[in-house]
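Enquirer: Before anything else, here's the structure in question.
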Amino acid sequence: MSWSAVSDHVERLHAEKLIKVSEIGNSSGGRKPKLYAVNRNVGHVISIELGISSGRVAICDFDSNILFSHRCGVHVSEGPDRVLAHLCGRVKDLMARHQVEPHTVMGIGIGIPSPVEFASGLPISPPIMPGWDRYPIRDFWAKHFDCPCYVDNDVNVMALGEHAKGVNFEVDNLIYIKIGAGIGSGIICLGQLYRGENGSAGDIGHFDVGSDVLCWCGNHGCLEAIAGGKALAAKGEALALAGESPFLLDILNAKGGITVKDIRSGLQNLDPVSLKLVRESGMQIGRVVAALANFYNPALISLGGSVSELGDILLASLRQGVYQRSLPLAARNLQINKSVLGKTAGLVGAAFMTIDQLIINSTDNNPETFLPLRQAADLHKAVPNVE
């Protein structure tokens, strides 16, 4: 950009109160420069993270900081109308409880466990979300809030959150891998989220790893079908019934099923079957991550999701799988760590995605996408839709 274009954008963002002067810098010979920062108090952002069997909603400031949050039990199989209505109810409860006025909400960001066409905000053929294909999520929220809504895949928003607030933009090339019931990844390339041509980049859970196990996508041999959280629980249950783990069998008899939390409990109680399952899962994921490292050569692999909480045994096995199969140059400076943000990556990332898009729209040359000037005296007015 030319200096004049930068100046115009900065002036517009400042006039719209999206940024503010944070301090006056030191002079390098001319007049002292103004240093700007995001104006975190200009309004609120609603952030939503939808999982397979639960959801989290949050109210954030305009710098992606979580102010208030709530976890709720919903299952995507209940369908979009019922699930979104439940989430909307929890958002409004949270706002009422903390006296957040609707006119201060500037945008809504949502991460969902599905491939998403980002430009339209539509889920596309989600294998684990019956009834959600091409459901107009943004239109649903437009009925309740007078502000734009942005929808993306859950791992993409986690990658955004980790990049912005976890590593503070200090790593330009990273892959965020979510290991939960399924397995997916978000890719930060040269400091920007890479979504691919249609928004499906990073779907590593359906890499063919040569197994005969049937995946819920309909194919055989997918990585998440043999190494994801759902696969771990199923293997643990099968081995318990086979008499190989008295510890897991006791849990199965008491609860009627095995979960990833039970596998973690097995690790804590030195159950050899639980230990074996976690090591195998880590090695299998590590082999796929090694291929990613060879192909993309990132500086950081960041691990999140419920299965990543199994701890150092999973992390060590995954690292072993990566270093055994990655090229020396690709692995020379590669770091493989648990997510800095942990469970909050999705909520922080959904807020950041929303703020990022609001700022992009405010510096667009199309006047129809400008955010309105929001003077303090006019805060009683609702925020018009910027789309």
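Enquirer: Each label point is 7 Å from the Cα along the Cα-to-Cβ direction; what then is the distance between the points at Lys261 and Glu280, in nm?
Expert: 2.5 nm
Enquirer: For the residue pair Phe169 and Ala291, what label-to-label distance in nm results when each label sits 7 Å from Cα along the Cα-to-beta-carbon direction?
Expert: Each label point lies 7 Å from its Cα, and together they span 3.5 nm.
Enquirer: How many angstrom lie between the C-alpha centres of the stretch 188-214 and the stretch 50-95?
Expert: The stretch 188-214 and the stretch 50-95 have Cα centres spaced 26 Å from each other.
Enquirer: Using just the helices of the chain, give the 222 nm mean residue ellipticity in deg cm²/dmol: DSSP H runs with n ≥ 4 each add -39,500 (n - 2.57), and the total is spread over all residues, rounded to 500.
Expert: The per-residue figure over the chain is -11500 deg cm²/dmol.
Enquirer: Still on this structure: How high is the relative contact order of the chain, in percent, counting Cα pairs under 8 Å that sit 6 or more residues apart?
Expert: Contact order relative to length: 18 percent.
Enquirer: A further question follows. Any chance you could run the full-extension gain for Ser54 through Ser28? It's 0.36 nm times the residue separation minus the Cα-Cα distance, nm to one decimal.
Expert: Result: 4.0 nm gained on full extension.
Enquirer: Taking the solvent-accessible surface of protein heavy atoms with a 1.4 Å probe, what is the per residue accessible area of the stretch 156-295 in Å²?
Expert: 45 Å²
Enquirer: Here's something else I'd like to know. Do any of Lys92/Lys343; Lys17/Lys92; Lys255/Lys276; Lys235/Lys261; Lys34/Lys165 go past 18 Å between their Cα atoms, and which?
Expert: Details: Lys92/Lys343 22 Å; Lys17/Lys92 25 Å; Lys255/Lys276 22 Å; Lys235/Lys261 14 Å; Lys34/Lys165 24 Å.
Among Lys92/Lys343; Lys17/Lys92; Lys255/Lys276; Lys235/Lys261; Lys34/Lys165, the Cα-Cα distance tops 18 Å for Lys92/Lys343; Lys17/Lys92; Lys255/Lys276; Lys34/Lys165.
Enquirer: Between Leu303 and residues 5 or more places away or on another chain, which pairs have amide H atoms under 5 Å apart, with H built 1.01 Å from N, and which residues are they?
Expert: Residues meeting the criterion, in which the H sits 1.01 Å from N, are Ile177, Asn337, Lys338, Ser339.
Enquirer: Rounded to a whole number, what % of the accessible area of the chain do carbon and sulfur atoms account for, probe 1.4 Å?
Expert: 51 percent
Enquirer: Now for a different question. For the stretch 136-274, what D do you get in µm² per second when you plug the Kirkwood radius from alpha-carbon pairs into Stokes-Einstein at 10 °C and 1.306 mPa s?
Expert: My calculation gives 90 µm²/s for D.
The values are calculated or read from the model by the stated rules, or taken from the named source; none is laboratory data. Please read all numbers here as calculations on a predicted model, not as lab measurements. As a convention, Cβ positions derive from the backbone with ideal geometry for all residues, glycine included, and neighbour counts pool all protein chains shown. Ligands, DNA and RNA are excluded from the accessible area calculation, which covers all protein heavy atoms including side chains. Shrake-Rupley method; radii C 1.70, N 1.55, O 1.52, S 1.80 Å.
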